[in-house]
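What follows is a set of notes on a single structure, which appears directly below.
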Amino acid sequence: MSDESTYEAGPGPGEGRRDPSTAPAAGPVRLRDRPRAALLAGRAALHDLRAVDGALYAAVAATPTPALDVGLRRLSNAADHSKISFAVAAALALFPGRPRRAALAGVGAIAIASASANILGKRLVRRPRPDREAARVVVGRHVPMPESASFPSGHTASAVAFATAAGVALPPVAVPLGLLASAVGYSRVHTGVHYPGDVAAGAVLGLASGAASLAVGSSLTKRRAASV
């Protein structure tokens, strides 16, 4: 009766060594060793992803873009504390109906994204910020280096969350807000304060936060309608 948790039988005492090119494939991994093998594989994949992440960061740092440096630095600073998104929300809120609902959904999405990124993500992962000096990021790109952990990008999470929620609630603003959020995310890499992987994670978190805000808004609307 075969047991999946055992190795295949190896060569007998008198068989000697075989040519590796003709040797049979290794037997199956023990069942109890599979979690460890999966963990090792996961660590290896994470190591490779970090290597790619670092290489992309270094490539951006090493690419001269004097025409973009000042604009992206200013954009990155303007996105601190979601100032751009709140300004857009304030403008939308001036108009009743769908624009105002889009503003509320967007602000709610920012709240969810900010809390998720800063209270959960950064405290759980605790990834150090990039070494901007070692990467030789041009001084003209520099913005203040935050003291918080690097992963995920809170600026990106909030910008994408606002763009997602407001864009779904008010489709005409979806493309402009999406482009703005993308620019904010890239600016954080360009200025040297985030790795590309931090920005990608922030974007995913932003999408989820936008969807959550829309779901909460829809639920509240249905409750109001039911109570009337």
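Tabulated values for the structure
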read-out: Top-ranked residue of segment 78-90 - restricted to ones that are touching a residue at least 12 places away in the same chain (Cβ under 8 Å) and hydrophobic (A, V, I, L, M, F, W, C), ranked as surrounded by the fewest Cβ atoms within 10 Å (Cβ to Cβ); value: Ala90
read-out: Every pair of residues 6+ apart whose Cβ atoms lie under 7 Å, when the first sits in segment 143-162 and is open to solvent by 20 Å² or more (accessible area, probe 1.4 Å) while the second is of a type in the set (Asp, Glu); value: Phe151/Asp198
read-out: Filter result for Arg127 (surrounded by fewer than 20 Cβ atoms within 10 Å (Cβ to Cβ), out of contact with any Pro (no Cβ under 6 Å at 6 or more places or on another chain) and outside any helix (DSSP H, G or I)); value: yes
read-out: Where Leu180 falls short, out of the listed (1) open to solvent by less than 10 Å² (accessible area, probe 1.4 Å); (2) over 25 Å from Thr221 (Cβ atoms); value: (1)
read-out: Residue ranges of helices (runs of 4 or more DSSP H) in segment 39-118 with at least 1 members closer than 24 Å to Thr221 by Cβ; value: 83-93, 98-115
read-out: Residue within segment 120-128 that is at pLDDT 95 or above and closer than 18 Å to His190 by Cα present; value: yes
read-out: Single residue of segment 176-222 satisfying the filter (hydroxyl-bearing (Ser, Thr, Tyr) and without any contact (Cβ under 8 Å) to a residue 24 or more places away in the chain) that is farthest from Val125 (Cα to Cα); value: Thr221
read-out: Yes/no for Val199 being farther than 21 Å from His81 by Cβ, in a helix (DSSP H, G or I) and either touching a Lys or Arg at 6+ places or on another chain (Cβ under 8 Å) or open to solvent by 30 Å² or more (accessible area, probe 1.4 Å) (or both); value: no
read-out: Any chance Gly108 is touching a residue at least 40 places away in the same chain (Cβ under 8 Å), exposed (fewer than 15 other Cβ atoms within 10 Å of the Cβ) and at negative phi; value: no
read-out: Failed condition for Thr191, given (1) modelled with pLDDT of 95 or more; (2) open to solvent by 70 Å² or more (accessible area, probe 1.4 Å); value: (2)
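The values are calculated or read from the model by the stated rules, or taken from the named source; none is laboratory data. Keep in mind that what you see is a predicted model, and the values were worked out from it rather than measured. Heads up, the Cβs are rebuilt from the backbone with ideal geometry, glycines too, and the neighbour counts pull from every protein chain shown. Side chains included, ligands, DNA and RNA excluded: accessible areas come from the protein's heavy atoms. Shrake-Rupley method; radii C 1.70, N 1.55, O 1.52, S 1.80 Å.
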